[in-house]
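Notes for the one structure printed next.
The values are calculated or read from the model by the stated rules, or taken from the named source; none is laboratory data. Model, not experiment: these values are computed from the prediction. No Cβ is skipped: glycine too gets one built from the backbone with ideal geometry, and neighbour counts run over all protein chains shown.
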Amino acid sequence: MTGTMTGTRKIAFLASETEIAREALADLTHEYGNVPLGEADVLVALGGDGFMLQTLHATMDLDVPVYGMNCGTIGFLMNEFSLENLPERLALAQEERINPLAMVAECVDGTRHVALAINEVSLLRAGPQAAKLRISVNDKVRLDELVCDGALVATPAGSTAYNYSAHGPILPIDSEVLALTAIAPFRPRRWRGALLPKSAQVRFEVLEAGKRPVMADADSRSVRDVLWVEVSSKSEIEHRILFDPGHGLEERLTREQFV
């Protein structure tokens, strides 16, 4: 059935390596076909949130919407799995467009690394001692020294992930702001972070990098021994995600605050 048209959309299925996702892939392919990525009108990702992030990163040049079905343990970005009525669900699905963050990191050895993050960019201590960070926003130093386990910048879409676990705020999906959140701050002890406009550029400088090593992470792509990290939103890049009616990101972000 490869190459068949489902309604007015050709579907490409992608699955994580878990057994349940692989079984779902076989069943859905048998039922609806499975076209090559370059021919698809819509992508269906089978897995959890981690696999959804992988899919969005891997296919961002295709400009094709992604509809996730939960075959994992976490499914904030996913829809409920069902083998039935997929063409109808896709036809009714509501599209959300989100922008990733860009991370530029320079390491102690002089190498520079660039990565995109849909959820957050985080800095984490990589040794037994707390990290010391200087934080600037739009080239102006806002915090001379933050002693902490780390800090992160989160998008609205990612604000319920690591950011929320670190006691950061949940952001409405259309809020046009970013969350800057400290992870286990020691000094200033009561500093809980800041809300910044989406246009802000955040720079972290690692103080005492040799004594207090720090790693940077952009959606699980890690760089060790960083000297500084700059984070900014990439408005020119859009990820298109499909959700069943009444279960989009706005509803999920609101619901999460009342659980």
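In the stretch 107-118, the residue that is nearest to D61 (Cα to Cα) out of those that are part of a loop (DSSP other than H, G, I, E, B) and in contact with a Gly (Cβ under 8 Å, 6 or more places away or on another chain) is I118. Applying the criterion of being touching a residue at least 12 places away in the same chain (Cβ under 8 Å) and in a loop (DSSP other than H, G, I, E, B) to the residues of the stretch 237-248, the residue that is surrounded by the fewest Cβ atoms within 10 Å (Cβ to Cβ) is P245. Within the option set V121, V64, V104, being surrounded by fewer than 23 Cβ atoms within 10 Å (Cβ to Cβ), assigned to a strand (DSSP E or B) and touching a residue at least 12 places away in the same chain (Cβ under 8 Å) holds for one residue only, V104.
One line per residue, one yes/no per condition, for (1) of a type in the set (S, T, Y); (2) over 15 Å from H113 (Cβ atoms); (3) in contact with a Pro (Cβ under 8 Å, 6 or more places away or on another chain):
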residue	(1), (2), (3)
P185	no, yes, no
L195	no, yes, yes
R221	no, no, no
V231	no, no, no
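Yes or no, residue by residue, for (1) within 17 Å of A154 (Cβ to Cβ); (2) surrounded by fewer than 20 Cβ atoms within 10 Å (Cβ to Cβ); (3) not assigned by TED's automatic domain parsing to the domain that holds M69:
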position	(1), (2), (3)
R187	no, yes, yes
W191	yes, yes, yes
G210	no, yes, yes
V229	yes, no, yes
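How many residues, within the stretch 212-227, are among the charged types (D, E, K, R) and surrounded by fewer than 20 Cβ atoms within 10 Å (Cβ to Cβ)? Spell out how you get there, then give the answer.
So the first thing to find is which residues in the stretch 212-227 are among the charged types (D, E, K, R), and the list is 212, 217, 219, 221, 224-225.
From what is left, the residues that are surrounded by fewer than 20 Cβ atoms within 10 Å (Cβ to Cβ) are 212, 221, 224-225.
Result for the stretch 212-227: 4.
Among the residues of the stretch 135-153, which ones are part of a strand (DSSP E or B) and among the charged types (D, E, K, R)? Write out each step before concluding.
Just the residues of the stretch 135-153 that are part of a strand (DSSP E or B), to begin with: 135-137, 140-148, 150-153.
Answer for the stretch 135-153, where residues must be part of a strand (DSSP E or B) and among the charged types (D, E, K, R): K140, R142, D144, E145.
Going by what's in this entry, would L43 be described as modelled with pLDDT of 95 or more, aliphatic (A, V, I, L, M) and either within 14 Å of the chain's Cα centre (by Cα) or surrounded by fewer than 21 Cβ atoms within 10 Å (Cβ to Cβ) (or both)?
Details: modelled with pLDDT of 95 or more: yes; aliphatic (A, V, I, L, M): yes; either within 14 Å of the chain's Cα centre (by Cα) or surrounded by fewer than 21 Cβ atoms within 10 Å (Cβ to Cβ) (or both): no.
In short, no.
The set of residues in the stretch 36-49 that are within 21 Å of K234 (Cβ to Cβ) and outside any strand (DSSP E or B) contains only D49.
Flag set for E251, criterion: more than 15 Å from the chain's Cα centre (by Cα), among the charged types (D, E, K, R), farther than 29 Å from C107 by Cβ and not in a loop (DSSP other than H, G, I, E, B).
Can you say whether E238 is more than 30 Å from L86 (Cβ to Cβ) and not aliphatic (A, V, I, L, M), as far as the supplied structure shows?
Values: more than 30 Å from L86 (Cβ to Cβ): no; not aliphatic (A, V, I, L, M): yes.
For E238, the condition - more than 30 Å from L86 (Cβ to Cβ) and not aliphatic (A, V, I, L, M) - is not met.
What residue, among those in the stretch 199-208 that are over 17 Å from K132 (Cα atoms) and either assigned by TED's automatic domain parsing to the domain that holds A58 or in contact (Cβ under 8 Å) with a residue 60 or more places away in the chain (or both), is surrounded by the most Cβ atoms within 10 Å (Cβ to Cβ)?
Let us first name the residues in the stretch 199-208 that are over 17 Å from K132 (Cα atoms), namely 199-201.
Within this subset, residues satisfying the condition of being either assigned by TED's automatic domain parsing to the domain that holds A58 or in contact (Cβ under 8 Å) with a residue 60 or more places away in the chain (or both) are 200-201.
Numbers: A200: 17, Q201: 15.
Top of the filtered list is A200.
Within the stretch 1-16, the set of residues being modelled with pLDDT under 95 and either over 10 Å from V35 (Cβ atoms) or not in a loop (DSSP other than H, G, I, E, B) (or both) comprises T6, G7, T8, R9.
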